[in-house]
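All remarks here apply to the structure that follows.
The values are calculated or read from the model by the stated rules, or taken from the named source; none is laboratory data. Small disclaimer: the values here were computed from a predicted structure and weren't measured. Quick reminder, even Gly has a Cβ in these numbers, built from the backbone with ideal geometry, and neighbours come from all protein chains shown.
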Amino acid sequence: MDDQTGRNPYYARIYEDSDEEPGPTRRGIVPLRTVDTLSASLVVGVLGLVAAAVGSLGPWVKLIDPASATSVTLSGMQGDGRITLALIALCSAAIFERATQGRGWLLWIAATGGLAVIAVSAIALNTVSDRSDEIEIQGIISLADWGIWTTLVGAMLIAACSICAIWADRQSA
């Protein structure tokens, strides 16, 4: 407060012609606008699509022979990566169709497809870890590589953002 005028100096410029001070500002969490939530969900969902697609094409398993210091990498396209890539294509078609045409029911397809990619990736990751014990008996180390993890995280983004977009669609209706 200014001692001479008794007014807040920060509001002096705004309220120069008035003796009225602004009321107290509302504090706390301000809800996001639904349109912004929908747009942000779709954008992050597209980032999840890109991550999952790159992960599906990337290496999923790395086999290392410590005795000969050689390693072999198995791509996702040699196994379940084909399934995840097909599901990701379905999810991307649904998300892009929702973004351009406004058909909200397609987000259910994207959410379901994202959950299916999570399931396939998790099963593949579990298979890699289960078989690593069998392979280690032969002296070879088996590791899950970055592709399977990227696919899993991207699928989580797809599913979560699709569900958020469904929620935002329902709030705006």
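Would you mind stating whether G81 is among the small types (G, A, S) and buried (at least 21 other Cβ atoms within 10 Å of the Cβ)? The answer is yes for G81. So for the range 23-35 (the condition being at pLDDT below 90, surrounded by 12 or more Cβ atoms within 10 Å (Cβ to Cβ) and part of a helix (DSSP H, G or I)), does at least one residue qualify? Yes, because at least one residue in the range 23-35 is at pLDDT below 90, surrounded by 12 or more Cβ atoms within 10 Å (Cβ to Cβ) and part of a helix (DSSP H, G or I).
Scan the range 132-142 and give yes if some residue there is under 16 Å from the mean Cα position of the chain (by Cα) and among the hydroxyl-bearing types (S, T, Y), otherwise no. It would help to see each step written out before you state the result.
Step one: of the range 132-142, the residues under 16 Å from the mean Cα position of the chain (by Cα) are none.
Taking every residue of the range 132-142 in turn, none turns out to be under 16 Å from the mean Cα position of the chain (by Cα) and among the hydroxyl-bearing types (S, T, Y).
Tallying residues that are of a type in the set (A, V, I, L, M) and outside any helix (DSSP H, G or I) within the range 100-142 yields 2. Within the range 122-158, the residues that satisfy the criterion of being small (G, A, S), surrounded by 16 or more Cβ atoms within 10 Å (Cβ to Cβ) and touching a residue at least 60 places away in the same chain (Cβ under 8 Å) are A124, S142, A144, G147, G154, A155. Screening the range 61-78 for residues that are touching a residue at least 40 places away in the same chain (Cβ under 8 Å) and among the small types (G, A, S) and picking the one that is surrounded by the fewest Cβ atoms within 10 Å (Cβ to Cβ) gives A67. State whether one or more residues within the range 143-157 are closer than 20 Å to R82 by Cβ and part of a loop (DSSP other than H, G, I, E, B). Taking every residue of the range 143-157 in turn, at least one turns out to be closer than 20 Å to R82 by Cβ and part of a loop (DSSP other than H, G, I, E, B).
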